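The values are calculated or read from the model by the stated rules, or taken from the named source; none is laboratory data. Everything numeric here is computed off the predicted structure, so don't read it as measured data. Using ideal geometry, Cβ is built from the backbone for each residue, glycine included, and neighbour counts are taken over all protein chains shown.
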Amino acid sequence: MEKTSQPTQALTPESIDTFRARGFLRIGPLLDGETLSTLRDEYDRIFDEARESNQFRNLAISDTEELEAKIDAPEQMLQIMQVCERSMAFRQLLYDARILDIAEDLIGPNIQLFHDQALSKPAHHGGAVFWHQDNAYWRCHPANLVSCWLTLDDVDASNGAMHLIPGSHLQGLGESHERSPESGALLDVGQRVDTSQAEVVDLPAGGALFHHCQTLHYTPPNATSRQRRALAIHLMPPGTRSGHTGETLDVSYARPMLRMRF
Ligand SMILES: O=C(O)CCC(=O)C(=O)O
């Protein structure tokens, strides 16, 4: 754990104001070439292993354990939770000052991991992640979590860049997002979203975008010949409670403290 008493200021006051008003902030390039190359290798290894051991989900289809169903589905929105428990490189990334300094400016000096996840849209048949607010699923209190979304490939609208609605974090949709009873796939709340307001954030490989846990966002399918590998690190102040259990999300190997200031 990084232990330091000197607060840093990674963002300008204008950038912090932008995040507060709009619910997201494009950082742009964040990872250096060596880190990017290591993480790409590890990402591919983790996905190969996850396919072999059937330890991944395809969010584009109903929640099934059947490997063939997941692999043979026409659309692939592949998710692996807690890559930081499968790879030291991804665990080390959690403590990266380039990420934590920005998070500190957005959620305060004490930072705990909620969880991380790898989100892969393969070339040609990458599936969408429908419009949603993360905290509609998580129901964390207080709703003061921030996600760092990192891209390991160049990402634009054609291969799955994030679309976000500015200011949408300021009000919840008032309902949780359910899974479709027919397909089990995540329900698209798009019909309740004024998508004309959406902004698309392009990122280079090694780029980062931070968004608030209530910001409405969506990523489109990937029909290009370019894969889109991404990673989301979800961060929270210690003491955050689960709305599902009412319990504090205690510090553990799965949810380590990443930064504390004394
Ligand atoms: O990577 C994606 O396509 C979706 C990511 C996402 O929804 C998130 O980070 O909350």
Keeping to region 83-131, report how many residues are of a type in the set (Asp, Glu) and under 21 Å from ASN54 (Cα atoms).
2
Looking at region 39-58, which of its residues are buried (at least 18 other Cβ atoms within 10 Å of the Cβ) and either in contact with a strand residue (DSSP E or B) (Cβ under 7 Å, 6 or more places away or on another chain) or assigned to a loop (DSSP other than H, G, I, E, B) (or both)?
TYR43, ILE46, PHE47, ALA50, PHE56, ASN58
If a residue has to be within 15 Å of the ligand (Cβ to nearest atom) and of a type in the set (Gly, Ala, Ser) to count, how many in region 66-109 make the cut?
1
Looking at SER87, SER62, which is the one that is polar (S, T, N, Q), more than 26 Å from THR215 (Cβ to Cβ) and without any contact (Cβ under 8 Å) to a residue 60 or more places away in the chain?
SER87
When region 131-178 is checked residue by residue, the ones that are more than 10 Å from the ligand (Cβ to nearest atom), at pLDDT below 95, polar (S, T, N, Q) and assigned to a loop (DSSP other than H, G, I, E, B) are GLN171, SER176
Anything in region 91-114 that is crowded, with 17+ Cβ neighbours inside 10 Å and among the aliphatic types (A, V, I, L, M)? List them, or say none.
LEU93, LEU94, ILE99, LEU100, ILE102, ALA103, LEU106, ILE107, ILE111, LEU113
Of all the residues that make up region 19-43, how many are without any contact (Cβ under 8 Å) to a residue 60 or more places away in the chain, within 15 Å of ARG229 (Cα to Cα) and not polar (S, T, N, Q)?
2
For region 59-90 the number of residues that are modelled with pLDDT under 95, loosely packed, with under 15 Cβ neighbours inside 10 Å and of a type outside the set (A, V, I, L, M, F, W, C) is 7
Scan region 11-18 and tell me whether some residue there is assigned to a helix (DSSP H, G or I) and in contact with a helix residue (DSSP H, G or I) (Cβ under 7 Å, 6 or more places away or on another chain).
yes
Checked region 9-23 for anything surrounded by fewer than 16 Cβ atoms within 10 Å (Cβ to Cβ) and charged (D, E, K, R); matches are GLU14, ASP17, ARG20
